[in-house]
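S.K.: Take this structure, written in structure tokens, and hold onto it; I'll ask about it next.
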Amino acid sequence: MWSRWVWIVVALMGMAKLIHAQSYASECETLPSTIHISKEEYDDAGRLIRNCEEDLAVNKCEGSCLSKVQPSVNTPSGFLKDCRCCRETHLRSREAVLTHCYDVDGNRLTGSNGQLTLKMSEPADCQCSKCGDSTR
């Protein structure tokens, strides 16, 4: 009878560890997003020529990553720190066209002045990386 209770307790402890590990799993994803971009153009004298804007679909990194701190006799602080952040692993360069352009009086511009092309970067892929690692 006693051995059956020990087995049940051991099984429950194993399930608790599995649930605990699943609740602290790293989940870093590349997700679609929309941002509003507004870009102003000025002449050589510093006067506003036009303002262009657009809502653009872009990728973003979102999620949480498992970090830990544990005691260590090998480090000066006495702790071994492993901090992980959800961030881009690759950036993709692309051109974006802003099609809502206005003059200084707020009148909508048409023709070649009615568009502004700019270059931007967005995440192509995201994953958990060491925090502060700017080599990526």
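S.K.: Apply the Karplus curve 6.51 cos²θ - 1.76 cosθ + 1.60, θ = phi - 60°, to the phi angles in the stretch 40-46 and return the couplings in whole Hz, x for Gly and Pro.
M.R.: 9, 10, 10, 7, 5, 7, x
S.K.: List the lysines whose Cα lies under 26 Å from the Cα of LYS130, skipping any in the same chain that are fewer than 8 positions away.
M.R.: LYS17, LYS60, LYS68, LYS81
S.K.: Suppose R0 equals 30 Å. What FRET efficiency, 1/(1 + (r/R0)^6) with r the Cβ-Cβ distance, do LEU91 and SER67 give to the nearest 0.05?
M.R.: Plugging the Cβ-Cβ distance into 1/(1 + (r/R0)^6) gives 0.80.
S.K.: Further question: Going by amide H atoms built from the backbone, whose H comes under 5 Å of the H on GLU62, apart from near neighbours?
M.R.: GLU29, LEU31
S.K.: Now a separate question. Which of the lysines could a cross-linker span from LYS39 if the Cα-Cα distance has to be under 18 Å and same-chain partners fewer than 8 positions apart are dropped?
M.R.: LYS119
S.K.: Once label points are set 7 Å from the Cα along Cα→Cβ at both HIS100 and PHE79, what is their separation, rounded to one decimal in nm?
M.R.: Spacing of the two 7 Å Cα→Cβ label points: 4.6 nm.
S.K.: Right, something else. With a cut-off of 8 Å between alpha carbons and a minimum separation of six or more residues, what is the relative contact order of the stretch 24-135 in percent?
M.R.: 29
S.K.: Okay, moving on. I'd like the FRET efficiency for MET120 and LEU48, computed as 1/(1 + (r/R0)^6) with the beta carbon distance as r and R0 of 22 Å, rounded to 0.05.
M.R.: 0.50
S.K.: Applying 1/(1 + (r/R0)^6) with R0 = 41 Å to the Cβ-Cβ distance of ASN107 and LEU31, what FRET efficiency is obtained, to the nearest 0.05?
M.R.: The pair ASN107/LEU31 has a calculated efficiency of 0.65.
FYI, it's all coordinate maths here, none of it is from the lab. Quick caveat: nothing in here was measured; it's all calculated off a predicted structure. Note that each Cβ is placed from the backbone with ideal geometry, even for glycine, and that neighbours are counted across all protein chains shown.
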